[in-house]
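Undergrad: After the structure tokens below, expect a handful of questions from me.
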Amino acid sequence: MFTGIIEETGDIKAFTPEYGGARLVVRCQKILDDISIGDSIAINGCCQTVVKFDDTSFTVQVSKETLNVTTFKKFKAGSKVNLERALTPLSRMGGHIVQGHVDCIGKFVRKVDFDEFYELYFELPETECKYVVHKGSVAIDGVSLTVAEIKGNTFKTAIIPHTFNNTTLSELKTGDNVNIETDILGRYVEKFLSPNNNVSKITQNFLQENGFL
């Protein structure tokens, strides 16, 4: 489990295809402070397991499925990535609940500058639009952001200088692909309200009667 608060940016030291997947070596500093084999680390918002590490980098084995549903397949030596270690029981919940399970690949549309603040616009597949809501949370390449506006399948986020300068968001160019994880809470609500769900007592009438609609 993660929060979407990026601890540092690292860079790809090596990306080697193997067994239908790939072996990925990431160079970093802070993430290595208390690293162990088997630890979960979110790389651009995708949860991966550490299989090897040394004083300057750590290694993960990327599955074929991960390559198919994320931007990992476009990695090359020197690519910058956002990094976050998994939550501990004493961690502050600074962002939102991020599982590290990427839902889809989105596209960076444009950036609007306001002095040192920024508005970033992203496009996502039509099938995922229902999971993104105004003032809700979304993880873009692992960064927890708040949705400021939605129009069709495009949404806007407002970025403070710290987030922009300390993540890979500052390097996005129009047309770049990004990993998107929508808020898991929305998927649970959808499941509870599904007509095929015979267990839950949560219905649209229930929500309306209790002031949620």
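The values are calculated or read from the model by the stated rules, or taken from the named source; none is laboratory data. Predicted, not measured: the structure shown is a model, and the values here were computed from it. Cβ sites come from the backbone with ideal geometry, for glycine too, and all protein chains shown count toward neighbours.
Undergrad: Considering only residues that are surrounded by fewer than 13 Cβ atoms within 10 Å (Cβ to Cβ) and not aliphatic (A, V, I, L, M), look in the range 72-87 and name the one that is nearest to ASN165 (Cα to Cα).
TA: GLY78
Undergrad: If only one of PHE53, PHE15, PHE72 is at pLDDT 95 or above, closer than 23 Å to ILE97 by Cβ and among the aromatic types (Phe, Trp, Tyr), which one is it?
TA: Result of the check over PHE53, PHE15, PHE72: PHE72.
Undergrad: Can I ask one more? Just to be sure, is ALA77 outside any strand (DSSP E or B) and of a type in the set (Gly, Ala, Ser)?
TA: Working: outside any strand (DSSP E or B): yes; of a type in the set (Gly, Ala, Ser): yes.
Yes: the conditions hold for ALA77.
Undergrad: Among the residues of the range 113-159, what is the count of those that are assigned to a strand (DSSP E or B), hydroxyl-bearing (Ser, Thr, Tyr) and in contact (Cβ under 8 Å) with a residue 24 or more places away in the chain? Show your work before the answer.
TA: From the range 113-159, those assigned to a strand (DSSP E or B) are 113-114, 117-123, 137-140, 143-151, 154-159; that's our starting set.
Next, from what is left, pick out any that are hydroxyl-bearing (Ser, Thr, Tyr): 118, 121, 137, 144, 146, 154, 157.
Among the residues that remain, those that are also in contact (Cβ under 8 Å) with a residue 24 or more places away in the chain are: 118, 121, 137, 144, 154, 157.
Counting residues in the range 113-159 that are assigned to a strand (DSSP E or B), hydroxyl-bearing (Ser, Thr, Tyr) and in contact (Cβ under 8 Å) with a residue 24 or more places away in the chain gives 6.
Undergrad: What number goes with the only condition from (1) at pLDDT 90 or above; (2) surrounded by 15 or more Cβ atoms within 10 Å (Cβ to Cβ) that ILE184 does not pass?
TA: Unmet condition: (1).
Undergrad: May I pose another question? Are any residues in the range 88-127 surrounded by 11 or more Cβ atoms within 10 Å (Cβ to Cβ), modelled with pLDDT of 90 or more and over 16 Å from THR70 (Cα atoms), and if so, which ones?
TA: Scanning the range 88-127 gives VAL109, ARG110, LYS111, VAL112, PHE117, TYR118, GLU119, LEU120, TYR121.
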